[in-house]
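Student: Got a structure here, written out as structure tokens. Questions coming.
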Protein chains: 2
Amino acid sequence: MKIIMVGASGTMGKFISTVLEKEHEIIKVGSTSGDIVANINSVESIEEMYEQIGSFDALICTAGPTYVGPWNTLTDKEFRKGIEGKMMGQINLVLIGQHYISPTGSFTLITGAATHEPQRNFANASAANGAVEAFVRAAAIELKPGIRINAVSPTVIEDSPQYFPYFPGEVPTTMRALEYAFRKSVFGYGTGQVITPH
Amino acid sequence: MKIIMVGASGTMGKFISTVLEKEHEIIKVGSTSGDIVANINSVESIEEMYEQIGSFDALICTAGPTYVGPWNTLTDKEFRKGIEGKMMGQINLVLIGQHYISPTGSFTLITGAATHEPQRNFANASAANGAVEAFVRAAAIELKPGIRINAVSPTVIEDSPQYFPYFPGEVPTTMRALEYAFRKSVFGYGTGQVITPH
């Protein structure tokens, strides 16, 4: 399978790439490094990325910039970080990518536990996640039959302990569970699902 | 109670205003008419609205512009309608309104069944709803203790039969159920809830 990995230089992207590249062709996309450098905040950059890659079988996105910070200084301005990044960045990967994907291809986007389990300082991530999860359900009934779309929604992950203090009570997702969630989305047959690794 | 009704000239807003104004002071806000004319797509307009009103006990928003149209011509551009309107319009009503609301006040936003029950042509509404619902949960743990926030999430409503054909299988929400959902949010004690009228 030819798999595009957007966010390949991040903790999750690096891990999933390493796991999948044993059996698949992985095209690593990052904002500053990778096989292709692309900025998901830009429609033009996404279009250029797909033009370079051509047809593909799966896209996995683990990139999702959001604003993390105190509520009392949160305004429209800060909120835009998650809208342009994790929300529209991923939505545009699908709206544009559907014209390049193979007839049985799949999109796998990243959301997170904050959709339903809010944590302080993460309201922007909650909103972006909620938007992407609802979009995934909507896109599943709109994409050409055969093309699938899912989201993987982990809580804090094992390999990013620096975030643990911000997520009291959240049992960290193991990297193994994370891998299996992505496998389920890419190699399974479900669509419109929000997959929680556990 | 002094209640701000944003979207007062719409089908829902008019109905809820009529019901509540028997016992409460309703300040009707609309984009083209009302006690105050305001554009929720504009941070400046929202600020002006609150400056004119001063302290208040509850804000209800039933205004939520989104893009409705075919998936195959849906791009970033069309998607912005729901981002600026139903999503950021409502989020900014809260981020700004928290500085004007009374210490035991409440915000009630509008979402809709498309968050979890997608329908064709409504992907933009799904995403905006999902964002607002997750934001409501996040805001509930961030707002000053005593201030509450909920969303009301109806499906098609009884008094808007023109939308029925777009929502096959959705049992229309009665206006009575809609009224009670808003009553629950405004006069109850729950917070961070997505209330489905039934």
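Student: Let's see if you can work this out: charge +1 on each Lys and Arg Cβ, -1 on each Asp and Glu Cβ, no other charges. What is the dipole magnitude of the range B:2-195 about its Cα centre, in debye to the nearest 20?
Tutor: Values: 15 positive and 19 negative charges, 67 e Å.
So the dipole magnitude of the range B:2-195 works out to roughly 320 debye.
Student: Another one. Just to confirm my numbers, what's the Cα centroid distance between the range A:154-174 and the range A:48-121 in Å?
Tutor: Each part reduced to its Cα centre gives a spacing of 20 Å.
Student: Hey, what did chain A get for relative contact order, percent, Cα under 8 Å, at least 6 apart? Could the numbers behind the result be given before it?
Tutor: Values: 379 pairs, mean separation 35.8, N = 198.
It comes to 18 percent, rounded to a whole number.
Student: Looking only at other chains, what is the average number of their beta-carbon atoms within 10 angstrom of each beta-carbon in B:112-122?
Tutor: On the way: counts 0, 0, 3, 6, 3, 2, 10, 3, 3, 2, 3.
Mean shielding by partner chains, rounded to a whole number: 3.
Student: Determine the dipole magnitude for the protein assembly as shown: charges of +1 sit on the beta-carbon of Lys and Arg, -1 on that of Asp and Glu, nothing else is charged, the reference point is the Cα centre, and the result goes in debye to the nearest 20.
Tutor: 580
Student: Under 1.5 on a/c is rounded, so check that first for the range A:1-76, then, if it is not, pick prolate when a/b is larger than b/c and oblate when it is not; a ≥ b ≥ c are the square roots of the alpha carbon gyration tensor eigenvalues.
Tutor: Details: a/c = 2.96, a/b = 1.65, b/c = 1.79.
In terms of gyration-tensor shape, oblate.
Student: Could I ask something else about it? Please go through the range A:1-37 and write out the GluC sites (Glu not before Pro) that DSSP classes as loop and that have at most 15 other C-beta atoms within 10 Å.
Tutor: Details: sites: A:Glu21, A:Glu23, A:Glu25; in loops: A:Glu21, A:Glu23.
Loop-located and lightly packed - A:Glu21, A:Glu23.
Student: Heavy atoms only, probe 1.4 Å: what % of the accessible area of chain B goes to carbon and sulfur, would you let me know? Numbers along the way, then the final one.
Tutor: On the way: 4270 of 8180 Å².
Result for chain B: 52 percent of the exposed heavy-atom area is carbon or sulfur.
Student: In addition: Taking 2.2 N^0.38 Å as the expected size of a compact globular protein, what ratio does the Cα radius of gyration of the range B:75-157 give against it, to two decimals? Present the calculation step by step, with values, prior to reporting the outcome.
Tutor: Numbers: Rg = 13.5 Å, N = 83, 2.2 N^0.38 = 11.8 Å.
Working it through for the range B:75-157, the quotient is 1.14.
Student: Considering only protein heavy atoms, with the full assembly of protein chains and a 1.4 angstrom probe, order A:Glu133, A:Glu78, B:Glu51 by accessible area, largest first.
Tutor: Details: A:Glu133 5, A:Glu78 40, B:Glu51 125 Å².
The most accessible residue leads, giving B:Glu51, A:Glu78, A:Glu133.
Student: Could you report the accessible area of B:Val171 in Å², rounded to 10, computed with a 1.4 Å probe on the protein chains as they sit in the structure?
Tutor: Looks like 120 Å² after rounding.
Student: Further question: Using a 10 angstrom cutoff on alpha carbons, build the Gaussian network for chain B and name the most mobile of B:Gly112, B:Gly89, B:Gly169.
Tutor: Fluctuation is largest for B:Gly169.
Student: Can you list the residues, at least 5 places off or on another chain, whose amide H is less than 5 Å from the amide H of B:Thr196, using H built in the peptide plane?
Tutor: B:Ser153
Student: Provide, in order from the shortest bin, the percent of all Cα-Cα pairs of the protein assembly as shown in each 10 Å bin, continuing until the bin that contains the maximum pair distance.
Tutor: 5, 24, 32, 23, 12, 4, 0
Student: Pairwise over distinct Cα atoms, reciprocal of the mean inverse distance: report the Kirkwood radius of the range A:35-104 in Å, one decimal place. Numbers along the way, then the final one.
Tutor: Numbers: mean 1/r = 0.0759 Å⁻¹.
The answer is 13.2 Å.
Student: Leaving out ligands, DNA and RNA, calculate the buried accessible area for the pair B and A with a 1.4 Å probe, summed over both sides, in Å² to the nearest 100. Before the final figure, lay out each step's value.
Tutor: Details: alone 9770 and 9770 Å², together 16360 Å².
Protein heavy atoms only, the B-A interface buries about 3200 Å².
Student: In square nanometres, what is the average projected area of the Cα convex hull of the range A:2-195?
Tutor: Working: hull surface 41.0 nm².
So the Cα hull casts an average projection of 10.2 nm².
Student: Which whole number gives the average, over all residues in A:65-71, of C-beta atoms from other chains lying within 10 Å of the residue C-beta? Intermediate values should be presented prior to the final figure.
Tutor: On the way: counts 0, 0, 0, 0, 0, 1, 8.
Mean inter-chain Cβ contacts per residue within 10 Å come to 1.
Student: Order the following by accessible area, largest value first: B:Lys81, B:Lys184, B:Lys28. Probe radius 1.4 Å; ligands, DNA and RNA are ignored. Please report the intermediate quantities before stating the final value.
Tutor: On the way: B:Lys81 105, B:Lys184 135, B:Lys28 65 Å².
The most accessible residue leads, giving B:Lys184, B:Lys81, B:Lys28.
Student: If you count only protein heavy atoms with a 1.4 Å probe, what accessible area per residue comes out for the protein assembly as shown, rounded to a whole Å²?
Tutor: Details: 16360 Å² over 396 residues.
For the protein assembly as shown, the per-residue accessible area is 41 Å².
Student: Please report, for B:Pro161, the nm distances (one decimal) from its label point, 7 Å out from Cα along the beta-carbon direction, to the equivalent points in the remaining copies, shortest first.
Tutor: Shortest to longest, the spacings are 6.5 nm.
Student: I would also like to ask the following. From the protein chains alone at 1.4 Å, what is the descending order of accessible area for B:Lys14, B:Lys22, largest first? Each step should come with its number before you reach the end.
Tutor: Numbers: B:Lys14 120, B:Lys22 165 Å².
The residues order as B:Lys22, B:Lys14, largest area first.
The values are calculated or read from the model by the stated rules, or taken from the named source; none is laboratory data. Since the model is a prediction, treat every value here as computed from it, not as a measurement. With ideal geometry, Cβ positions are generated from the backbone for all residues, glycine too; neighbour counts draw on all protein chains shown. Calculation scope for accessible area: heavy atoms of the full protein, side chains included, ligands and nucleic acids excluded. Shrake-Rupley method; radii C 1.70, N 1.55, O 1.52, S 1.80 Å.
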